[in-house]
Amino acid sequence: MAIRSLKTGQFSRSALVGNPVIMPGSYESIATATFTGSALSITFSSIPSTYSHLQIRGFARTPSGNDQIDLRFNSDTGNNYSMHGLSGSGSSASAEGYGTQNRIFNVNSPISNADIYCLSVIDILDYANTNKYKTVRTLQGYDANGSGVIAFNSGSWQSTSAVTSITLAARSYNPTSISTFALYGVN
Amino acid sequence: MPAGKTYTPLARTTLSSAAATVTFNSISGSYTDLVLIINGYDIDGNGYLTMQFNGNTGSNYSRTTLSGNGSTTTSIRNSNSTVLYPTIGPSLTNIGGDIIHFLNYSNTTTNKTVLFRGSQTGNATIAQVGLWRNTSAITSISLSAASGNIAAGSTFTLYGILAA
């Protein structure tokens, strides 16, 4: 949906997953976090509240298959998250939903393919609003020439706090040292 | 601290007449990610294009898809393909397109993975993940009609995103 500024007359569009791209100038790099290869997690902290939305663009792999990288806000490890997913395995489509979780599931790890990484584009909508819970949606996937997954996920953090920090944590295996997540602010 | 504004337009092609192929050459390696926005339709009604990188025509591409047409959901896979398949509209009334994310496209260590978020008005919504089994940096992107031509008025816009 195009939005026209009453002040400047300029049109802008959303850059969030699945929507048309924003106009240049309203998308700003905030920080990049790269895994060390010897740690399970990375954290974006002291996130400024000056944007409308956040977007994380991830490129990651863990050295063992079936591991996932989870998303949490403000170090909240309570059961305050929920999520729904729609995914394709290459042979079938499936849907899943989880309430009362202590994380939002994110990146699946490619199995036994060292040169193949899972990509994710994660939108965190109206993250600084203190009057409502927070909504997250993702587009993520990997293909390994014979296996793979493509998925839409949406999630909620049942907190009215502004998101000021984001932690991405693998459950069991340290992501590789070139696994990287970049945080952007969208206006 | 924020590093500054990004999402830089690198190139835009608007077809003034029907054409079989659109190519972006000499893509700078100085960005973190690329985003390619396609909007239009193909004259033969295929509803998809073919895409190759760096002129590579080998069987080095594969994909996994998820789509819904309003009544059913489908997931398919193509392995050892010679192309990837971005979405475009199959007709003027079913105009469509794709937003294609190329993350870490210029690294020379890993194979290249690409995320697609496509749609066709009145027909379907589609997500795909594609793989190019090559560790070279992506320096050119070629998009072709599966048969016939891409319609006049179709647009192709390439952006660069630079992370802090």
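The values are calculated or read from the model by the stated rules, or taken from the named source; none is laboratory data. Keep in mind that this is a model prediction, so the values were computed, not measured. Note that each Cβ is placed from the backbone with ideal geometry, even for glycine, and that neighbours are counted across all protein chains shown.
Applying the selection to segment B:105-135, what residues are surrounded by fewer than 21 Cβ atoms within 10 Å (Cβ to Cβ), touching a residue at least 40 places away in the same chain (Cβ under 8 Å) and within 19 Å of B:Leu158 (Cα to Cα)?
Selection gives B:Ser106 alone.
With respect to B:Leu143, determine if the residue is at negative phi, facing chain A (nearest Cβ under 7 Å) and in contact with a Phe, Trp or Tyr (Cβ under 8 Å, 6 or more places away or on another chain).
no
Provide a single number: the residues in segment B:32-88 that are of a type in the set (Ser, Thr, Tyr), within 24 Å of B:Ser140 (Cα to Cα) and more than 11 Å from chain A (Cβ to nearest Cβ).
7
What about A:Ser112, is it away from chain B (no Cβ under 11 Å), over 17 Å from B:Leu66 (Cβ atoms) and modelled with pLDDT under 95?
On the way: away from chain B (no Cβ under 11 Å): yes; over 17 Å from B:Leu66 (Cβ atoms): yes; modelled with pLDDT under 95: yes.
Here the answer is yes, as A:Ser112 does meet what is asked.
What number of residues within segment A:39-62 are part of a loop (DSSP other than H, G, I, E, B), more than 16 Å from A:Asn106 (Cα to Cα) and not hydrophobic (A, V, I, L, M, F, W, C)? Steps first, please.
Our first condition is that a residue be part of a loop (DSSP other than H, G, I, E, B); within segment A:39-62, this holds for A:39-40, A:45-52, A:61-62.
Filter once more, keeping what is more than 16 Å from A:Asn106 (Cα to Cα): A:39, A:45-52.
Still in the list and also not hydrophobic (A, V, I, L, M, F, W, C): A:45-46, A:48-52.
Adding up the residues that qualify gives 7.
Restricting to segment A:114-150, what's the tally of residues that are of a type in the set (Lys, Arg) and within 25 Å of A:Gly90 (Cα to Cα)?
1
Looking only at segment B:136-161, count every residue that is crowded, with 18+ Cβ neighbours inside 10 Å, under 24 Å from A:Phe181 (Cα atoms) and among the hydrophobic types (A, V, I, L, M, F, W, C) and tell me the total.
Selection size over segment B:136-161: 3.
For segment B:87-164, which fully contained strands (runs of 3 or more DSSP E) count at least 1 residues that are among the aliphatic types (A, V, I, L, M) and farther than 26 Å from B:Ser59 by Cβ? Talk me through it step by step, then tell me what you get.
On the way: elements: B:96-103, B:112-120, B:124-132, B:141-145, B:155-161.
Ranges flagged: B:96-103, B:124-132, B:155-161.
Within segment A:69-134, which strands (runs of 3 or more DSSP E) (wholly inside it) include 3 or more residues that are surrounded by fewer than 17 Cβ atoms within 10 Å (Cβ to Cβ) and touching a strand residue (DSSP E or B) at 6+ places or on another chain (Cβ under 8 Å)?
Values: elements: A:81-88, A:93-101, A:104-108, A:118-125.
It comes to A:93-101.
Could you please give the count of residues in segment A:140-182 that are crowded, with 23+ Cβ neighbours inside 10 Å, of a type outside the set (Ser, Thr, Tyr) and assigned to a strand (DSSP E or B)?
The number of residues fulfilling the criteria is 13.
What number of residues within segment A:141-150 are at pLDDT 95 or above and more than 7 Å from every other protein chain (Cβ to nearest Cβ)?
Here the count works out to 0.
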